Amino acid sequence: MKMKGVCIHHDAGALGSAVPKEVWLYRLKQLKSLGCNAIRMSHNPESNELFEACDELGFVVMAEAFDESVKLIILHRHCEPLAAKQSILF
């Protein structure tokens, strides 16, 4: 399967971060009409409504809890030996 994806943040612009499921469905249907079939959830945990909408419309989802670059900075500051090992893995 060839994935054509976009990155989505937890909010919906002027609507804020408490986004109704209907808004997610509308946005995802628009993306689907453009050929999108994959979503990367960016930086923050997403709402259950967004996951449900993705599932209903058949999107492949990559969910990340935190930005990886921030995680590396925190690791380097607070745990040097582990950070060195993690850096090699990345």
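No lab work stands behind these numbers, since they all come straight from the coordinates. Since the model is a prediction, treat every value here as computed from it, not as a measurement. Note: ideal-geometry Cβ built from the backbone for every residue, glycine included; neighbour counts use all protein chains shown.
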Restricting the stretch 3-16 to residues that are free of Cβ contacts under 8 Å to residues at least 24 places away in the same chain and not acidic (D, E), which is surrounded by the fewest Cβ atoms within 10 Å (Cβ to Cβ)? A14
Scanning for something over 10 Å from the mean Cα position of the chain (by Cα) and acidic (D, E), does the stretch 25-46 turn up at least one residue? no
